[in-house]
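Please read the structure below before turning to the comments.
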Amino acid sequence: MQFFANTDELQEVMNELWARIGRDPDMSQKLLQSKLIVQFQYREPEGRVTVDCSDGQEIKVSVGKQQIKPIVEMAMKADVAHDFWLGKVNVPFAIVSGKIMARGPVAKALALLPVIKPAFDIYPNVVSQHKKVLA
Amino acid sequence: MNPFVFHVPTKIAFAEGAASSTADIVKELAGSRALIVTDKPLMNTGIVEQILHGFDDMHYVVFDEVPPDSDVDCVNQAAEVARAEECDCIVAIGGGSVMDTAKVVNICLTLGGELLEYQGLNNIAEQLLPLVAVPTTAGTGSEVSMVAMVKDRAEGKKLLFGSRYLAPSVAVLDPLLTVSLPPKLTAATGLDALTHAVESYTAVISNSVFTDSLCIDSTKMIFEYLRAATKNGGDIEARSQMLVASTMAGVAFTNSGVGVVHALAHSVGAKFGTHHGIANCIFLPHGMQFNMDAVVARYAKLSRLVGMSNSSNDSAAATELVTAIEKLCNDCGLPRRLRDAGVPELKTADIEELAFLTGSDPAIMFNPKECSPEDIKGLYERAY
């Protein structure tokens, strides 16, 4: 059974997670330096989250279809994303086995993996809060 | 045991003189109009001409403009030629640059549209046109790999394409094509193959028993035959063993990844144009020393299995493997320091830039130990 019940739940959790990452000085500073625009495209359930660091000043997070063209797109099942944020996904293996699709200059995005690792500690809290609200 | 996936999408055919049957292989794949991708130096050796005799009864066009470090412009030119000639298959005859170019041309030819749309990993989801790879060096493994890299000179970037559909349909391994390779290139490309084997064997988060077995045997073959192939280019047995070892290591690394040595070599190659095999030769002992504490048991096991040590002490056996690699590089006349490979004095800004490039190279993901920017800078300083 998939972890997220529907698109709204998935996008709300990811939106809140990225908002908290944006409020973390260490993580946000390094992400903003990349000036990347990364779009995460999820399936089962469908969902789309765009993280825009392009102005180098503020991380802008948006959900659903966007006009802005991402520099890097990452596509995966929502459950893979959930496991990733729990620190349970072996990213090299997920790429080799085709569980994650990446379009664009992926090296730039992959270089940010160590930067966002502290968010693994934030994610369970974000999920539990949302599950409580929705319950 | 770790979970794993293992693909070998490429049919591999080996024989002395196998290249003369390339046209028959193309016909088996239902190809009728072939784009032959190669380079000028190879055209001048007469190797390509011999292979082309078999194509006399079918339509083909030769594109021989591939530079040593191929780029998007070259890909677009070749794709234009192929479209104009309505080619339905591609034959790559050459080294890594030629084969990678052919793979990316195949994307343009099969899928059309904007090439940049296909940059990335697992981003191509359908079968491409038949591609037959005929390697003329023994090292890159591109004849079986599922990745290709070309430069975007306008943007000053390397574009990475990775998908199982990129792997050639058939790899034709003919040792006779490698006999004219000069000693230094023989040695350098051989060290590239050895680095694939060693790094793939220690890519402990993504390797498997399948990749391990290929790594062990290819490492053994390279230790046994690289000196002979370098010393006497006409030694067909040595050339055969090296060509097969290189392909075996290619199958291994395309399934399990490489590591920090390749990330360092890609970066120094991008900044200073250092030959990939020579860069790997310089960085391999340093990379192994760096990874030693994380994978000492793996190095020790490999060292014993390939006959470089009979010590029961892991640290001693692993060190003997590093020493054996250093001796192999020395025996083959390869440079051991970046300064001896034409790299100018590394200033602080150079090392900063190289560390950034290395830290963002996808190869580093598969390294068995995390590398901080300071670790990477230290590796450059030691290798210089």
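Below is a table of values for the structure above.
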item: Long-range amide H partners of A:Leu36 with built H, under 5 Å; result: A:Cys53
item: B:Ser309, B:Ser142 arranged by Cβ crowding within 10 Å, fewest neighbours leading; result: B:Ser309, B:Ser142
item: Antiparallel bridge percentage (DSSP; both residues within chain B; nearest 5); result: 25
item: Exposure proxy order (Cβ contacts within 10 Å, fewest to most) of A:Phe3, A:Phe120, A:Phe40; result: A:Phe120, A:Phe3, A:Phe40
item: Peptide B:120-127, shielding by other chains (average Cβ, 10 Å cutoff); result: 6
item: Mean separation of Cα contacts under 8 Å (6+ apart) over length of chain A, as relative contact order %; result: 26
item: Pairs from B:Lys220/B:Lys327; A:Lys35/A:Lys60; A:Lys30/A:Lys117; B:Lys184/B:Lys327; A:Lys60/A:Lys88; A:Lys60/A:Lys131 whose Cα-Cα separation, in the structure shown, is over 20 Å; result: A:Lys60/A:Lys88; A:Lys60/A:Lys131
item: Fraction of antiparallel bridges per DSSP, the stretch B:119-245 only, in percent to nearest 5; result: 60
item: Gained length - B:Thr45 relative to B:Asn232, 0.36 nm times residue gap less alpha-carbon distance; result: 65.5 nm
item: Per-residue mean of C-beta atoms belonging to partner chains within 10 Å, peptide A:103-115; result: 6
item: Proximal charge balance of A:Phe120 [Cβ under 13 Å; K/R count +1, D/E count -1]; result: 0
item: Tilt relative to chain B, helix B:348-359 - C-alpha long axis, 0 to 90 degrees, to 10; result: 70
item: Taking chain B and dividing mean pair separation by its residue count, relative contact order in percent (alpha carbons under 8 Å, at least six apart); result: 15
item: Amide hydrogen neighbours beyond the local backbone of B:Arg33, cut-off 5 Å, H modeled; result: B:Asp88, B:Cys89
item: D_trans [Stokes-Einstein, Kirkwood Rh over alpha-carbon pairs] for the protein assembly as shown, 4 °C, 1.567 mPa s, µm² s⁻¹; result: 54
item: Average partner coverage of B:358-365, which counts Cβ from other chains inside 10 Å; result: 5
item: Reach of A:Lys77 by Cα under 18 Å, taken over aspartates and glutamates that are not fewer than 8 positions away in the same chain; result: A:Asp8, A:Glu9, A:Glu12, A:Glu44, A:Glu46
item: For chain B, alpha-carbon Rg and Dmax in angstrom; result: 19.9, 63
item: Helix axis angle, B:314-331 relative to chain B longest principal axis, alpha carbon, degrees; result: 50
item: Above-threshold pairs, the threshold being 26 Å between Cα atoms, out of B:Lys271/B:Lys301; A:Lys108/B:Lys369; A:Lys69/B:Lys377; result: B:Lys271/B:Lys301; A:Lys69/B:Lys377
item: Sorted by Cβ neighbour density within 10 Å, fewest at the top, the residues A:Glu73, B:Glu320; result: B:Glu320, A:Glu73
item: Set of lysines with alpha-carbon distance to B:Lys27 below 29 Å, sequence-local pairs under 8 removed; result: B:Lys11, B:Lys40, B:Lys103
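No value in this document is a laboratory result; all are computed from the given coordinates. Just so it is clear, the model here is predicted, and its values are computed rather than measured. Backbone-built Cβ (ideal geometry, glycine too); neighbour counts: all protein chains shown.
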